[in-house]
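J.: Could you have a look at this structure, given as structure tokens, before my questions?
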Amino acid sequence: MEEESPRLWLLSGVVVVILVVVIGGYLVFRGGSQSKLTIQSIPNDLTLTLDGQQIAANGEVKVKSGEHTLTASRDGFQSYTQTVTAKGGDPLKVKMYLYSNGPAGRTWVQNNPEQALEAEAEAGRRYDEIQKRLQAKYPVMRELPYIGPGFKATYQASKSDPDNPEAISLKIQVFSPEGKTKALQWIEGHGYDPDTLDIIYTTK
């Protein structure tokens, strides 16, 4: 028995080392997996960066697992930033479409009508997707616009988080002295807590 004990300890040690190597190698390999990111841009000559490094506006690039930030810009167009998350080597597809907001952009639109129409269609899809997410996040939107006694309820871009396209403020336009009170009663009557909403009161 005394002679077998060292052998058992040695065998156990070998097994532990093998397990550590196998599991460690798996975790390293898994953590180092890369995903193929396919990018389509309009205009196709825009400047595109991935995590601050310039890359081709169209084509494929390998990215490691985790969050990555794409930023597109061009003279005459509104810049656009999108965050993507790569997981386990799964392929990703991103459309970086910009929309004109200046003379150079409007000239480009006139000279490239097909790409402009495709970008416009994508804008419609983005809007619909954002509206669905907003309504899921802010159910009160389903009640808007609403005109009540002494007030009108609508919504606008968030005043407290203006850079977030998926955040809103509930705008209450007050017409009479009791308008604010009536608006709060209306909000609570529909099962919403005013303290959880970003509410803006205005008389305009």
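We did not get these values from a lab; they are worked out from the coordinates using the rules stated. Everything numeric in this text was worked out from a predicted model, so none of it was measured. Quick reminder, even Gly has a Cβ in these numbers, built from the backbone with ideal geometry, and neighbours come from all protein chains shown.
J.: Lys and Arg at +1, Asp and Glu at -1: add these up for the other residues within a Cβ distance under 13 Å of Lys36 and post the number.
T.: Net charge around Lys36: +2.
J.: When Lys and Arg each count +1 and Asp and Glu each count -1, what net charge do the other residues less than 13 Å away from Ser176, Cβ to Cβ, add up to?
T.: +2
J.: Also, quick follow-up: For the stretch 60-132, what is the charge dipole size about the Cα centre, in debye to the nearest 20, if Lys and Arg each add +1 at the Cβ and Asp and Glu each add -1 at the Cβ?
T.: Value, rounded to 20: 220 debye.
J.: Just add up the charged neighbours of Lys95: K/R +1, D/E -1, any other residue whose Cβ is under 10 Å from the Cβ of Lys95.
T.: Net charge around Lys95: +1.
J.: With +1 on each Lys and Arg Cβ and -1 on each Asp and Glu Cβ, and nothing else charged, work out how big the dipole of the stretch 113-204 is about its Cα centre, in Debye to the nearest 20.
T.: Roughly 460 debye, rounded to the nearest 20.
J.: Please name whichever of Leu37, Gly88, Ile130 sits farthest to the positive end of the charge dipole of the stretch 34-137, dipole taken about the Cα centre and charges placed at Cβ: Lys and Arg +1, Asp and Glu -1.
T.: Gly88
J.: Across the stretch 145-156, in residue order, what do the Karplus-derived ³J(HN,Hα) couplings come to in whole Hz, using 6.51 cos²θ - 1.76 cosθ + 1.60 with θ = phi - 60° and x for Gly and Pro?
T.: Using θ = phi - 60°, the values come out as x, 9, 10, x, x, x, 7, 9, 10, 9, 9, 8 Hz.
J.: Working from the pairwise distances between different alpha carbons, so that the mean of 1/r is found and then inverted, what is the stretch 139-202's Kirkwood radius in Å?
T.: 11.8
J.: Could you tell me the largest-minus-smallest coordinate of the C-alpha atoms of the stretch 34-137 on each of the three principal axes, in descending order and whole angstroms?
T.: Principal extents (Cα only, largest first): 42, 36, 21 Å.
J.: Next question. Which links in Lys87/Lys137; Lys159/Lys182; Lys64/Lys93; Lys137/Lys182 stretch past 20 Å when you go from one Cα to the other?
T.: Lys87/Lys137; Lys159/Lys182; Lys137/Lys182
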